[in-house]
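As structure tokens, the structure follows; a few thoughts come after it.
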Amino acid sequence: MALFDHKISELKQMLHRKEISVSDLVDESYKRIQEVDGKVEAFLTLDEERAREKAKQLDNEIGKKDTYGLLFGMPIGIKDNIVTKDLRTTCASKILENFDPIYDATVMRKLEEAEAITIGKLNMDEFAMGSSTETSAFKKTKNPWNLEAVPGGSSGGSAAAVSAGEVPFALGSDTGGSIRQPAAFCGVVGLKPTYGRVSRFGLVAFASSLDQIGPITRTVEDNAYLLQVISGLDPMDSTSANVEVPDYISALTGDIKGLKIAVPKEYLGEGVSRESRESVLAALKVLEGLGAEWEEVSLPHSKYGIATYYLLASSEASANLARFDGVRYGYRSDNAETLIDMYKQTRAEGFGNEVKRRIMLGTFALSSGYYDAYYKKAQQVRTLIKKDFEDVFEKYDVIIGPTTPTPAFKIGEKIDDPLTMYANDILTINVNLAGVPAISVPCGFANGLPLGLQIIGKHFDESTVYRVAHAYEQATDFHKQKPEL
Amino acid sequence: MSRISKEQVKHVAHLARLAITEEEAEMFTNQLDAIITFAEQLNELDTENVQPTSHVLDMKNVMREDQPEPGLPREVALKNAPDQKDGQFRVPAILE
């Protein structure tokens, strides 16, 4: 059994019994990266020297302190759109290829306080725009279950690294499914928290009204540990919510008797593969066996989610990415004589095509004469989508469906057709538009590729989401299977 | 009928400060036209009396005490500057 097959709670006990050291954990991470990252290509930057130094320091503290951080000595990987002080942060974009942040994101500060150890930065779609990690300017991450398949995206590096056992857990970010979809494709657990649960300070902004940082882990319990550490109000993010953070670990009771589950017919209908549908129906049987009840419901505006999302997210992105102008940081083109040409050449040379496409779509949707027809219209439809969820949550505790319409697709299969790529997000995107929390947990395999079960909760009710996910996980063993590399 | 013309794409690229070639303008026109056409399915919905949602949480104007704090030291702020001179960011000529 590999070291990272143990849960955080077990690793902590092993540390305190001195069966292992923090240095062993960090060694395990870099050894595994050495062995498999040539194939998986999940990491963009390693922080090996500092990680080993920190491990030694923590090893010296074992047995000498009264209290230990919740993640004491735990190695973690970080998606490369979360800024890390003095550690290169690229957003997988040429425009930030040599960018060394001058401050830490709030989640990094919280991980530091919890005494976790950063192993390195993980590949992603450029500026988190994509569903396959293929838009990265630097490398194509592979799915550890099948190296010809995509790991999903945009947090593809984070999910692949956890799946491949390079790190026991990682942070990702989710704007339209970017944590849950790669978690489903790679057979791991990924949670998008309620909008406002986790501070976005230091998360390079893509679509500010949708972005949220969240944990990617092997088990639901580990996921709860990580969320516990990163949650909470932050004066540096005015959209972080002043809502009490409950004890997530204590929510993992295994008891879901009487739980009311809603299953939207739109999530099992047209466009959803037979494998995804059947794995969800099988999961519902498992949950019924544990005492839960389920009924079919409707989220009538589901099909409008993709159009709504791409208008709103691209509009917000067009404003957020205006800051990359070659003046204060990042890449600057040498091929310009005047300031305005410098802006244009810098951005033309620094951004990839998917990013340019979305900046232009957003600029168009916000431009004079089109604002009402596209941007405002999408905001109004967002209200309808949000209300769909509110109506269902009046009667039910959670909503369940597949995380993705199909298992992971082949590298290169969808990258040339933006609309086909966007369609892959149909089951995850509305959750971001409504701002509610949702998790993906492993629920089966199709042709050797993992499938994910999506459990969606009420605003700020991650506890119930975790309770259901944990009960399901304990009753199945999909999460125990590992890819052969 | 196409929803966006090549001339409009060039104008949008200018507004977004993106230099694009003729071939790119062609490609983006086709792709953006397909995306905008797809997005027009939203017109099937009557949203006459629907309030727009810009933000999902019910919060407004988050206030805090206005307490002075130290700013960034100049050398830190300039750390990632592509070009600098005399403690300032340097840019190409603004006037032709």
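Which value in deg cm²/dmol, rounded to the nearest 500, describes the helix-derived mean residue ellipticity at 222 nm for the protein assembly as shown, given -39,500 (n - 2.57) per DSSP H run of n ≥ 4 and division by the residue count? Please list the in-between numbers first.
Values: 18 runs with 209 residues, N = 581.
Mean residue ellipticity at 222 nm (helix-derived): -11000 deg cm²/dmol.
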* Asked: Can you give the % of DSSP beta bridges in the range A:151-235 that are antiparallel, to the nearest 5?
  -> 100
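Return one quarter of the surface area of the convex hull spanned by the alpha-carbon atoms of chain B, equal to its mean projected area, in nm². All intermediate terms of the calculation are to be shown ahead of the outcome.
Values: hull surface 53.1 nm².
Mean projected area for chain B: 13.3 nm², to one decimal.
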* Asked: Once the Cβ-Cβ distance between A:K395 and B:Q88 is put in as r, and R0 is 45 Å, what FRET efficiency do you end up with, to the nearest 0.05?
  -> 0.15
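Which whole-number value in Å³ per residue fits the convex hull of the alpha carbons of the range A:329-485?
Working: hull volume 30.8 nm³, N = 157.
Given the Cα convex hull of the range A:329-485, per-residue volume reads 196 Å³.
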* Structure fact -> Carbon plus sulfur, as percent of the 1.4 Å-probe accessible area of chain A, comes to 47
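Percent of Cα-Cα pairs more than 46 Å apart in the protein assembly as shown, please. Provide the component values of the computation, followed by the final result.
Numbers: 18859 of 168490 pairs.
Looking at the protein assembly as shown, the distances longer than 46 Å represent 11 percent of pairs.
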* **Per-residue SASA entry for B:L78, accessible area with 1.4 Å probe, Å² rounded to 10** => 10
* **Debye log10 I(q)/I(0) for the range A:309-387, one point scatterer per Cα, at q = 0.26 Å⁻¹** => -1.13
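Please give the contour-minus-distance gain from A:Q481 to A:K85: 0.36 nm per residue of separation, less the Cα-Cα distance, rounded to one decimal in nm. Let's see the in-between values first.
On the way: separation 396, 0.36 × 396 = 142.56 nm, distance 3.58 nm.
139.0 nm is the gain from fully extending A:Q481 to A:K85.
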* Structure fact -> To the nearest Å², the heavy-atom accessible area per residue of the protein assembly as shown with 1.4 Å probe amounts to 40
* Asked: Over all residues in B:28-34, what is the mean tally of Cβ atoms on other chains that come within 10 Å of each residue's Cβ?
  -> 3
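As an exercise, use a Förster radius of 25 Å and the Cβ-Cβ distance of B:D66 and A:K56 to find the FRET efficiency, rounded to the nearest 0.05. Before the final figure, lay out the partial values.
Details: r = 43 Å, r/R0 = 1.73.
Computed FRET efficiency for B:D66 and A:K56: 0.05.
Relative to the Cα centre, what is the charge dipole magnitude of chain B, using +1 at the beta carbon of each Lys and Arg, -1 at the beta carbon of each Asp and Glu, and rounding to the nearest 20 debye?
Around 460 debye, computed over chain B.
Based on the Cβ-Cβ distance from A:K260 to B:L57, what FRET efficiency comes out when R0 is 30 Å, to the nearest 0.05? Display every interim value, and only then the final one.
Working: r = 25 Å, r/R0 = 0.83.
According to the calculation, E is roughly 0.75.
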* Asked: Among the DSSP beta bridges whose two residues both lie in the protein assembly as shown, what percent are antiparallel, rounded to the nearest 5?
  -> 65
* Asked: Using heavy-atom solvent-accessible surface (probe 1.4 Å) with all chains present, what is the largest-first order of A:T141, A:T135, A:T67, B:T37?
  -> A:T67, B:T37, A:T135, A:T141
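Could you state how much accessible area is buried at the B-A interface, both sides summed, with a 1.4 Å probe, in Å² to the nearest 100? Don't skip to the end; give the middle numbers.
Working: alone 9740 and 18760 Å², together 23220 Å².
Accessible area lost upon association: around 5300 Å².
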* Structure fact -> Checking the range A:368-412 for trypsin sites (Lys or Arg not before Pro) in a loop per DSSP with at most 12 other beta-carbon atoms within 10 Å yields A:K395
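The values are calculated or read from the model by the stated rules, or taken from the named source; none is laboratory data. Please read these numbers as outputs of a predicted model, since none were measured by experiment. Every residue, glycine among them, receives a Cβ derived from its backbone with ideal geometry; neighbour counts consider all protein chains shown. The area values use the complete protein model at the heavy-atom level, side chains included, leaving out ligands, DNA and RNA. Shrake-Rupley method; radii C 1.70, N 1.55, O 1.52, S 1.80 Å.
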